[in-house]
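Here the structure is laid out as structure tokens; the discussion comes afterwards.
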Amino acid sequence: MPYAQEAVYKNLSDLTNLERVRNLVPEDKLQDFSFDQDTVSVSVAPVGRITLRIVEREEPKCVKFESVESPMPFNLWIQVLPVTAETSKMKVTVKADIPFMLKGMVAGPLQDGVEKIADALAMVPYL
């Protein structure tokens, strides 16, 4: 990413910064997109409403989220690692306790969701 670690962290750790990318969210994929400083909520077809809350901030390297409202509880970490003084890279990790019987049905869509989150985060202008 062509942004310094501190700039990326600053934007990710305050979810009101999502206002700048609201127009990039496709309405056919996400509905009821709302946020405040610590939470973000969205309705995703066919999953339903998902709300995430920031539970920990490790400046300038990590923001940790937990699901507050979701069909399945999960945690999400966004790590921001410096590459140079002006560039950084991001790693998105999701941890979900998926029952064995559902793993075959849920693992693929969950991985797809993580990849979409990472792609969306890569498009954000972290100025």
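When you go through VAL83, VAL8 one by one, which is the residue that is at pLDDT 85 or above and either touching a helix residue (DSSP H, G or I) at 6+ places or on another chain (Cβ under 7 Å) or open to solvent by less than 60 Å² (accessible area, probe 1.4 Å) (or both)? Break it down into steps so the answer makes sense when it comes.
Working: VAL83 fails: either touching a helix residue (DSSP H, G or I) at 6+ places or on another chain (Cβ under 7 Å) or open to solvent by less than 60 Å² (accessible area, probe 1.4 Å) (or both).
Only one candidate qualifies: VAL8.
Say whether the condition of being in a helix (DSSP H, G or I), of a type in the set (Asp, Glu), at pLDDT below 80 and within 20 Å of ASN11 (Cβ to Cβ) is met by at least one residue in the stretch 89-112. First the steps, then the outcome.
We begin by selecting, within the stretch 89-112, every residue in a helix (DSSP H, G or I); these are 100-112.
Add one more test, that the residue is of a type in the set (Asp, Glu), and what stays is 112.
When the remaining residues are screened for being at pLDDT below 80, the result is 112.
Right, trim to within 20 Å of ASN11 (Cβ to Cβ) and you get none.
Within the stretch 89-112, not a single residue is in a helix (DSSP H, G or I), of a type in the set (Asp, Glu), at pLDDT below 80 and within 20 Å of ASN11 (Cβ to Cβ).
Of all residue pairs spaced 6 or more apart or on separate chains, none has beta-carbon atoms under 8 Å together with a first member in the stretch 78-100 that is of a type in the set (Phe, Trp, Tyr) and a second member that is at pLDDT below 90.
For the stretch 1-20, what are the residues that are of a type in the set (Ser, Thr, Tyr) and in contact (Cβ under 8 Å) with a residue 60 or more places away in the chain?
Here is the first cut: in the stretch 1-20, the residues of a type in the set (Ser, Thr, Tyr) are 3, 9, 13, 16.
If the condition is that a residue be of a type in the set (Ser, Thr, Tyr) and in contact (Cβ under 8 Å) with a residue 60 or more places away in the chain, then TYR3, TYR9 are the ones that fit.
Can you name the residue in the stretch 22-48 that is of a type in the set (A, V, I, L, M) and at pLDDT 75 or above and, of all such residues, is nearest to MET90 (Cα to Cα)? Taking the candidates together, the pick is VAL40.
Of all residues in the stretch 45-66 being over 15 Å from PHE35 (Cβ atoms) and part of a strand (DSSP E or B), which is least open to solvent (accessible area, probe 1.4 Å)? Among them, the one singled out is CYS62.
The values are calculated or read from the model by the stated rules, or taken from the named source; none is laboratory data. Since we're looking at a predicted model, the values are computed, not measured. Cβ coordinates were reconstructed from backbone atoms using ideal geometry, including for glycine residues, and neighbour counts include every protein chain displayed. Note: areas computed on protein heavy atoms with side chains; ligands, DNA, RNA excluded. Shrake-Rupley method; radii C 1.70, N 1.55, O 1.52, S 1.80 Å.
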